[in-house]
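Step one of this worksheet: look at the structure below.
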Amino acid sequence: MMTPHKDRPQFYRPGQAVPVSGIYIAVHYQHRAQHEVVAIRGEEFPPCRVCKEEVRFYVARSVPHMTHDFDLTGPSSELTNERAKAAKKGEQ
Ligand SMILES: [Zn+2]
């Protein structure tokens, strides 16, 4: 794993806002082994159906959400589309 460890992972609890989009490890209290989940920045970490507020989350790997990526915010103008078309024509 290339995860750079500092001291120990930052744990998040249900109700806290997701700071960065990515793969998180959900750590349950006793009833279930930890597992990966995807969380999107701005969402809230949910409580568990079984261990409720005892579940904790920490970042396994931060992954930018496609629409949060600087280059993938989507064409906001026709100009961008025209430019892309022109570039494609040029290739052929
Ligand atoms: Zn649980």
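The values are calculated or read from the model by the stated rules, or taken from the named source; none is laboratory data. Since we're looking at a predicted model, the values are computed, not measured. Note that we place each Cβ from the backbone using ideal geometry, even for glycine, and neighbour counts take in every protein chain shown.
When segment 4-22 is filtered for residues that are loosely packed, with under 13 Cβ neighbours inside 10 Å and at pLDDT below 95, the ones remaining, listed by number, are Pro4, His5, Lys6, Asp7, Arg8, Gln10. State yes or no: is Val55 closer than 14 Å to Phe11 by Cα, within 11 Å of the ligand (Cβ to nearest atom) and touching a residue at least 24 places away in the same chain (Cβ under 8 Å)? When the stated conditions are applied, Val55 passes them. Taking each residue of segment 13-37 that is at positive phi and looking for partners that are more than 10 Å from the ligand (Cβ to nearest atom) and in a loop (DSSP other than H, G, I, E, B) with beta-carbon atoms closer than 6 Å, six or more apart or interchain, yields Gly22/Val63.
Listed here are the residues, each with its yes/no results for (1) outside any loop (DSSP other than H, G, I, E, B); (2) among the β-branched types (Val, Ile, Thr).
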| position | (1), (2) |
| --- | --- |
| Ile23 | yes, yes |
| Gln30 | no, no |
| Ala33 | no, no |
| Val38 | yes, yes |
| Gly42 | no, no |
| Val50 | no, yes |
| Tyr58 | yes, no |
| Arg61 | yes, no |
